1. GLU39 versus ARG141, label points 7 Å from Cα toward the beta carbon: distance in nm?
2. According to the square roots a ≥ b ≥ c of the eigenvalues of the Cα gyration tensor, what is the shape class of the chain, taking rounded for a/c under 1.5, prolate for a/b larger than b/c otherwise, and oblate for the remainder?
3. Between rounded, prolate and oblate, where does the stretch 17-115 land on the alpha carbon gyration tensor, with a ≥ b ≥ c its root eigenvalues, rounded for a/c under 1.5, else prolate if a/b exceeds b/c?
4. With runs of 4+ DSSP H residues as the only contributors, calculate the mean residue ellipticity of the chain at 222 nm using -39,500 (n - 2.57) per run, divided by the residue total and rounded to the nearest 500.
5. Which of the GluC sites (Glu not before Pro) found in the stretch 1-85 are in a DSSP loop and have at most 14 neighbouring Cβ atoms, other than their own, within 10 Å?
6. Can you give me the Kirkwood hydrodynamic radius for the stretch 37-88, using every pair of distinct Cα atoms, in Å to one decimal?
7. Which of ALA36, ASN120, GLY87 sits farthest toward the positive end of the charge dipole of the stretch 1-147, with +1 on the Cβ of Lys and Arg and -1 on the Cβ of Asp and Glu?
8. Please order LEU95, LEU24 by the number of other Cβ within 10 Å, starting at the fewest.
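No lab work stands behind these numbers, since they all come straight from the coordinates. Since we're looking at a predicted model, the values are computed, not measured. In this analysis, Cβ positions are derived from the backbone assuming ideal geometry, glycine residues included, and neighbour counts consider all displayed protein chains.
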Amino acid sequence: MSTFEPPAETLADVVLVDYGLGNLRSATRGLERAGASVEITDDPETFAAADGVVLPGVGAFREGMENAGPLREALTDHAEAGRPLFGICLGMQMLLTTSEEADHEGEGEVTGLDLVPGTNVRFDVDRKVPHMGWNELDVERDHPLVDGVDGSGSETPQADGPTGGSVDGEYAYFVHSYYAEPDDPDAVVATADYGVDFPAVVANEAGNVFGTQFHPEKSGETGLRILRNFVEYCAER
């Protein structure tokens with residue numbers, strides 16, 4: 001039985017960016033359960049009226065950046081104005097500057113949003129890719145996104161649900177072959193281990209641009225707590 005109680009009223013208005021590669025249905029359900037009113041759109045003019053913007057994503061870095069190209073300026077303006085921007089999975093990788101993925105596919109360099117300077121690199125050849133399934137989060141530093149869940153110490157994915165504290169020691173659901181390497185080590189908020197400690201959550205210096213390599217909308221009550229943290233952060237800005 002779920003211990004996560006959704007709020008009785010809407011806390012924030014959130015735009016979910018539709019650029020053709022997002023996991024929109026489950027992301028919408030998760031955000032609504034976390035207390036958001038969600039508008040799915042590809043219209044950058046809607047960003048200014050929103051309390052926060054979510055950039056979801058499943059697929060290749062090049063295709064993501066090409067599809068989101070018409071939105072690049074609006075996303076950058078939103079972030080540079082100090083407003084919340086949340087990248088999920090591919091969306092998190094798009095927050096960085098570049099990715100090895102295009103070079104690996106022989107497609108040449110592709111430029112990301114460069115809101116969290118760095119590059120995305122492929123897991124070593126001795127690792128099975130994609131990295132898929134539940135993995136434990138290790139919180140490296142404070143950030144509003146990772147508040148709200150006690151580390152249970154359990155080795156099972158969805159242990160005790162949100163009870164205060166942080167997401168340290170909780171489990172999240174990953175599907176990816178590349179991971180972020182920010183230029184600034186302080187950009188790493190939380191890590192997970194897959195033969196190498198890789199960033200599971202990153203954020204810019206100002207703290208308003210952040211992303212999760214995992215899918216919070218598929219990560220049980222820990223993911224819902226993270227989505228609620230995001231919605232509450234948007235409501236407070």
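1. 3.4 nm
2. Verdict is oblate for the chain.
3. prolate
4. Using -39500 (n - 2.57) per qualifying helix, the result is -6500 deg cm²/dmol.
5. GLU9
6. With all distinct Cα pairs of the stretch 37-88 included, I get 11.6 Å.
7. ALA36
8. LEU24, LEU95
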